[in-house]
Structures are given as C-alpha cells and as structure tokens.
Amino acid sequence: MLAKDLRVDTSAFDNVPEGELYIFEGTPAPANISEQNVTGPAGAIPLSGTYSYHWSQQQPYEVPGGSVKLLDSVTFGTASNFAVALFTVKPGAMRELHWHTTSDEWSYFLQGQGRLTVFVAPESSRTFDFQAGDVGYVPVPTAHYLENTGSEDLVYLGTLRLYVFVSTW
C-alpha cells in the first residue's frame, strides 16, 4: 500500500526501522491565502459575515490520481469549527495514507465505489467497502487510506471538526 501511495517499488522500504514511529502535528496553513470577495446589494460583504459560498467556482487542486476542493475557515469564514473537502479519486488510484490528530473524519460517498482501510498501530487494520449513498467514519487519530475500486471516478465529501483543513494532496 505504501509503495502504491508513494509510487515507488516495494524495495524502497527495505531499510525502514522496525517498531512504531511517533507522529507530530504539521504547521498551520499560511494566513495570507487569498480572500474571497462576496458582494451583496449593499456592496462587499466581509468574508466572516457571509452565509454563502460558491464551491462550484473554486478551482480544484489537481494531482495525478484525482483532485480536491477545500472549504474551511480560510476559504469560507463562517466555517469556524469544521472543514469539508470534495475529493475525486480516479479509477485505480488512492487517497494517501494519512491521519488527523484533532478530529474524527466523516465521509459521504456521492459517486462510484471505494475501499477504506483504517489502521491502528501496531498491527490492527479493518477494511470497508463503500458506494454512492454510504457514510464512513474514521476515529481520531486512526491512520487511513481510500482506494477507488470501481471503473468510474469516486467522489466523496470528507468532513472534519477543526479550524483549517490540511491535506497532503
């Protein structure tokens, strides 16, 4: 799974140390991410005061295996305690192995089918199959990854309770 995730041969892991490694939180997103200007009949509405966000106008962040759009307190000021990401995973591709140190993750599957594997150190994992209309749950801080097992794009919403959604995608 790691070789597929990192697009390397399995021999790249021949010298990985045995035993558990420790996980540290990353750094917060920069404060100067461009602001969205929302305009109403009376003029510009401050980002912190709007209750509307036009996700369809956000350009996705593209990677070889798919794309992601983020909605969090940076892109939508009203989202002060949650974040949502709209993921598209191409057939045969996977969302990288990752974990969240401060929030559970809820996933709502909109299209396609996928397989979610959750991993609890040191040696326990569980795998679940999902399709459009299903909901998945991953408890904090469980490591997990998601594979598209179908022949069409897998599209799902991933939701967290936090300030800023951080993804390695």
Around LYS90, with a cut-off of 12 angstrom between Cβ atoms, what is the net charge of the other residues, counting Lys and Arg +1 and Asp and Glu -1? -3
If packing is taken as the average count of other Cβ atoms within 10 Å, what order do 5-16, 149-160, 54-65 fall into, highest mean first? 149-160, 54-65, 5-16
Approximate spin-label separation GLN111-LYS90, in nm, with each point projected 7 Å along Cα-to-Cβ: 1.5 nm
FRET efficiency, 1/(1 + (r/R0)^6) with R0 35 Å, evaluated for SER151 and ALA121 via beta carbons: 0.55
Charges at C-beta only: +1 for Lys and Arg, -1 for Asp and Glu. How large is the resulting dipole of the stretch 68-169 about its Cα centre, in Debye rounded to 20? 140 debye
Starting from 0.36 nm per residue, how many nanometres of slack lie between VAL63 and ASN81 once their C-alpha separation is accounted for? 3.8 nm
Sorted from largest down, what three extents in whole angstroms do the Cα atoms of the stretch 68-169 have along their principal axes? 36, 33, 22
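Please give the contour-minus-distance gain from LEU2 to VAL135: 0.36 nm per residue of separation, less the Cα-Cα distance, rounded to one decimal in nm. Display every interim value, and only then the final one.
On the way: separation 133, 0.36 × 133 = 47.88 nm, distance 2.49 nm.
Roughly 45.4 nm would be gained on extension.
Readers should treat all values here as calculations from the given coordinates under stated rules, not as data from a laboratory. These numbers were taken from a predicted model, which means no experiment stands behind them. Cβ atoms come from the backbone with ideal geometry, glycine included; neighbour counts cover every protein chain shown.
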